[in-house]
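The values are calculated or read from the model by the stated rules, or taken from the named source; none is laboratory data. This one's a predicted model, so the numbers in the text were calculated from it and none came from an experiment. Counting neighbours? That spans all protein chains shown, and the Cβs are built from the backbone with ideal geometry, glycine included.
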Amino acid sequence: MLDDLYFYFELFSFFVCLCTYKKLDRNFKIFLPFLAFIVIYEFANIKYWTLWHHTNAWCNNLESIIEIIFYTRFISSLDKRKQYRKKVGIVLFIIVLFSFIDMIFIQGFFMMNTIAMVFQYSMLTVLVCLYYFNLINNVDENLDIIRYPPFWATAGILFYALAFIFYHVAFSYMAYKHNYHFFLLAQVIPNIACLILYSLLSVAFIYQYKKANSINAIKTL
Amino acid sequence: MLFKDEEIILLVIAGTAVVMLLGVFIISFLLVYQKKQNKNALEKEQLKSSFQHELLKTRMEIQEETLNHISRELHDNITQVLSFVKLNLGVLGRNLGEQEKIRVNDNRELIAQSISDLRNLSKSLSFEHISVMGLVKTLEIEAERINRSGIINLSLSVEGDRYALGEQRELVLFRIFQEALNNALKYAQADNFKMSLYYKAQMFNLTIEDDGVGFEPELLKDKGGSGLRNIVNRAALIGASAIINSSPGSGCSINLSLNPLVQETYVNGTYSNSPG
């Protein structure tokens, strides 16, 4: 049960997103199909339906590419500068291209593409930091950051990316040695990372819902 | 080899913990920074509003000083000269025939009327009379003077047990009345002007109504209604709220309410001879 703790958080986040969907803005609305995909994917993983050649690494690799595309698009959509978004798009294209190169030529299709994943999570970390830098410099005087949904969503992505960087750095070396201690670590880190990410995403959905409600209340006054 | 594996695991744990702490630091920094920025913005806003308040106070102080100076000049100079002219005419009249005496006496009466009017005008301009006589008495004198002139029909009603609102508040309320009266005469072409004062235990209300041509409510937002904005600003200066209602053809009503128990700092402040 505890091994699959992250799945329950994904499920929880999905339901929060579903319940608040009508009040979410355009940037957050795309989380619903994404979370639906994540829930289905993780369920298939738990049920071992994704095993192929005794591994689900191939599936993980593809899922991490979808994840990086989605989160990068989400973070860049929070920025209004077209030039910046274009640059982010180019970097994303390079990372995705490298991920496929890693999958086909470097680490292989049935092995975890940890090199690509380290780059993916590093890129997410940098993007979130840039977003925060931009938020600090161009912050609206009336902005209450504690109740600002994009802040919580990006905080979740930041912790998620940071938690996975060192894990993936050591993964190739440790996992294929079948080290028991690393197996424990492989259980704990993704659980903690998912717990933080999906909790903060849920907080973001709830704040978005509250914000939309308060705007409606002001309009009806 | 096992030792080395454990070292790597420790490295992964420590590394992950460190980067997670870094994440916590980034988030905390952002929160603290934003809090500080909000605080600064609030302080800036407060400074701006306090500056505006001071500016308004100074403006009104200067205005009061000018009005007081004019009032003194009227009282001490012009009325004195007129009194001297009246006295001289009296002396001159003694040596004239009956026909001329009547003419001189008529002129003396006219001068006496002018002196009386100038004295009343001087009283309405000076803050000293309000501090001595109080708001209600001053308004009564003013109403009598206006009604006597016949330019407008002014009615004044006072309800409740009268109490002193403080020298400066009463002066500001009197100046608001003057501004409203000026508007009614100058722009509204009103025939009737009604003033009602309600003295309640925790609330003082002043209602000013006229039956003039009225104006579009949008005028309050425009630069054109500077007199009306003056009323709102003056009211704010004594901690009162002013609501102005009007529409074309239905006159204008100004409702001022203030809590007499709440003492604004400047009311007990150092400016004893001005509203500021």
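Quick one: in region B:31-68, which of the residues that are exposed (fewer than 11 other Cβ atoms within 10 Å of the Cβ) and small (Gly, Ala, Ser) is farthest from the other protein chains (Cβ to nearest Cβ)?
The residue in question is B:50.
Which condition number in (1) at pLDDT below 90; (2) surrounded by 16 or more Cβ atoms within 10 Å (Cβ to Cβ) is the one that residue A:124 fails?
(1)
Restricting attention to region A:124-138, report how many residues are farther than 19 Å from residue A:208 by Cα, within 10 Å of chain B (Cβ to nearest Cβ), touching a residue at least 12 places away in the same chain (Cβ under 8 Å) and over 13 Å from the mean Cα position of the chain (by Cα).
The qualifying residues number 1.
Could you check region A:50-59 and list, in sequence order, the residues that are in contact (Cβ under 8 Å) with a residue 40 or more places away in the chain and surrounded by fewer than 17 Cβ atoms within 10 Å (Cβ to Cβ)? Talk me through it step by step, then tell me what you get.
Step one: list which residues in region A:50-59 are in contact (Cβ under 8 Å) with a residue 40 or more places away in the chain, which gives A:52-53, A:55, A:57-58.
Result: A:52, A:53, A:55.
Have a look at A:121, A:84 and point out the one that is among the aromatic types (Phe, Trp, Tyr) and either away from chain B (no Cβ under 14 Å) or farther than 19 Å from residue B:19 by Cβ (or both). First the steps, then the outcome.
On the way: A:121 fails: either away from chain B (no Cβ under 14 Å) or farther than 19 Å from residue B:19 by Cβ (or both).
Unique residue meeting the criteria: A:84.
Quick check, is residue B:22 within 14 Å of chain A (Cβ to nearest Cβ) and part of a helix (DSSP H, G or I)?
Working: within 14 Å of chain A (Cβ to nearest Cβ): yes; part of a helix (DSSP H, G or I): yes.
Yes; evaluated as a whole, the condition is true for this residue.
Let me confirm something: among B:208, B:176, B:141, B:146, which residue is aliphatic (A, V, I, L, M) and in contact (Cβ under 8 Å) with a residue 60 or more places away in the chain? Steps first, answer last, please.
Working: B:208 fails: in contact (Cβ under 8 Å) with a residue 60 or more places away in the chain; B:141 fails: in contact (Cβ under 8 Å) with a residue 60 or more places away in the chain; B:146 fails: in contact (Cβ under 8 Å) with a residue 60 or more places away in the chain.
Within the list B:208, B:176, B:141, B:146, the selection yields B:176.
Taking the condition assigned to a helix (DSSP H, G or I), within 14 Å of chain A (Cβ to nearest Cβ) and under 25 Å from residue A:146 (Cα atoms), does residue B:10 pass?
Numbers: assigned to a helix (DSSP H, G or I): yes; within 14 Å of chain A (Cβ to nearest Cβ): yes; under 25 Å from residue A:146 (Cα atoms): no.
Criteria not met by residue B:10.
Could you please find all residues in region A:127-182 being closer than 30 Å to residue A:55 by Cα and of a type in the set (Val, Ile, Thr)? Walk me through it before giving the result.
If we filter region A:127-182 for residues that are closer than 30 Å to residue A:55 by Cα, which is where we start, we get A:156-182.
Residues satisfying the conditions are A:157, A:165, A:169.
Give the residues of region B:150-178 that are in contact with a strand residue (DSSP E or B) (Cβ under 9 Å, 6 or more places away or on another chain), closer than 20 Å to residue B:131 by Cα and not hydrophobic (A, V, I, L, M, F, W, C), sorted by residue number.
Here is the first cut: in region B:150-178, the residues in contact with a strand residue (DSSP E or B) (Cβ under 9 Å, 6 or more places away or on another chain) are B:152-163, B:165, B:169, B:173, B:176-177.
This time we only want the ones that are closer than 20 Å to residue B:131 by Cα, so: B:156, B:158, B:161-163, B:165, B:169, B:173, B:176-177.
Result: B:161, B:162, B:163, B:169.
Kindly indicate whether residue B:250 is more than 19 Å from residue B:184 (Cα to Cα), among the polar types (S, T, N, Q), at pLDDT 75 or above and more than 12 Å from the chain's Cα centre (by Cα). If you could, list the steps in order and put the result at the bottom.
On the way: more than 19 Å from residue B:184 (Cα to Cα): no; among the polar types (S, T, N, Q): yes; at pLDDT 75 or above: yes; more than 12 Å from the chain's Cα centre (by Cα): yes.
In short, no.
Kindly establish whether residue B:173 is surrounded by 17 or more Cβ atoms within 10 Å (Cβ to Cβ) and not in a helix (DSSP H, G or I). Please lay out each step first, then the result.
Values: surrounded by 17 or more Cβ atoms within 10 Å (Cβ to Cβ): yes; not in a helix (DSSP H, G or I): no.
No; evaluated as a whole, the condition is false for this residue.
Restricting to region A:139-151, name every residue that is assigned to a helix (DSSP H, G or I) and either touching a His at 6+ places or on another chain (Cβ under 7 Å) or within 10 Å of another protein chain (Cβ to nearest Cβ) (or both).
From region A:139-151, those assigned to a helix (DSSP H, G or I) are A:145-147, A:149-151; that's our starting set.
Result: A:145, A:146, A:151.
Please find, among A:173, A:167, the residue that is assigned to a helix (DSSP H, G or I) and surrounded by fewer than 19 Cβ atoms within 10 Å (Cβ to Cβ).
Details: A:167 fails: surrounded by fewer than 19 Cβ atoms within 10 Å (Cβ to Cβ).
Going through A:173, A:167 in turn, the sole match is A:173.
Residue B:116 - would you say it is within 24 Å of residue B:78 (Cα to Cα) and either touching a Pro at 6+ places or on another chain (Cβ under 9 Å) or surrounded by fewer than 19 Cβ atoms within 10 Å (Cβ to Cβ) (or both)? Steps first, answer last, please.
Values: within 24 Å of residue B:78 (Cα to Cα): yes; either touching a Pro at 6+ places or on another chain (Cβ under 9 Å) or surrounded by fewer than 19 Cβ atoms within 10 Å (Cβ to Cβ) (or both): yes.
Answer is yes for this residue.
Residue by residue, here is whether (1) in a helix (DSSP H, G or I); (2) modelled with pLDDT under 90; (3) crowded, with 16+ Cβ neighbours inside 10 Å holds:
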residue	(1), (2), (3)
A:3	yes, yes, no
A:13	yes, no, yes
A:19	yes, no, no
A:33	yes, no, no
A:48	no, yes, no
A:67	yes, no, yes
A:72	yes, no, yes
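Quick one: which of B:207, B:138 is farther than 24 Å from residue B:70 by Cβ and β-branched (Val, Ile, Thr)?
Matching residue, one of B:207, B:138: B:207.
Mind checking which residues of region A:21-31 are part of a helix (DSSP H, G or I) and either under 15 Å from residue A:70 (Cβ atoms) or in contact with a Ser or Thr (Cβ under 7 Å, 6 or more places away or on another chain) (or both)? Before you say what the answer is, go through the steps one by one.
Just the residues of region A:21-31 that are part of a helix (DSSP H, G or I), to begin with: A:21-23, A:26-29, A:31.
The answer is A:26, A:27, A:28, A:29, A:31.
Within the bounds of region B:178-189, is there any residue that is closer than 30 Å to residue B:89 by Cα, among the hydrophobic types (A, V, I, L, M, F, W, C) and either within 20 Å of the chain's Cα centre (by Cα) or surrounded by fewer than 21 Cβ atoms within 10 Å (Cβ to Cβ) (or both)?
Residues of region B:178-189 closer than 30 Å to residue B:89 by Cα: none.
Among the residues of region B:178-189, not one is closer than 30 Å to residue B:89 by Cα, among the hydrophobic types (A, V, I, L, M, F, W, C) and either within 20 Å of the chain's Cα centre (by Cα) or surrounded by fewer than 21 Cβ atoms within 10 Å (Cβ to Cβ) (or both), which makes the answer no.
Which of (1) part of a helix (DSSP H, G or I); (2) touching a helix residue (DSSP H, G or I) at 6+ places or on another chain (Cβ under 6 Å); (3) surrounded by fewer than 19 Cβ atoms within 10 Å (Cβ to Cβ) is the odd one out, the single condition residue A:109 does not satisfy?
(1)
Only helices (runs of 4 or more DSSP H) wholly contained in region B:55-136 count here; list those with 3 or more residues that are out of contact with any His (no Cβ under 6 Å at 6 or more places or on another chain) and more than 23 Å from residue B:230 (Cβ to Cβ).
Result: B:79-94, B:98-125.
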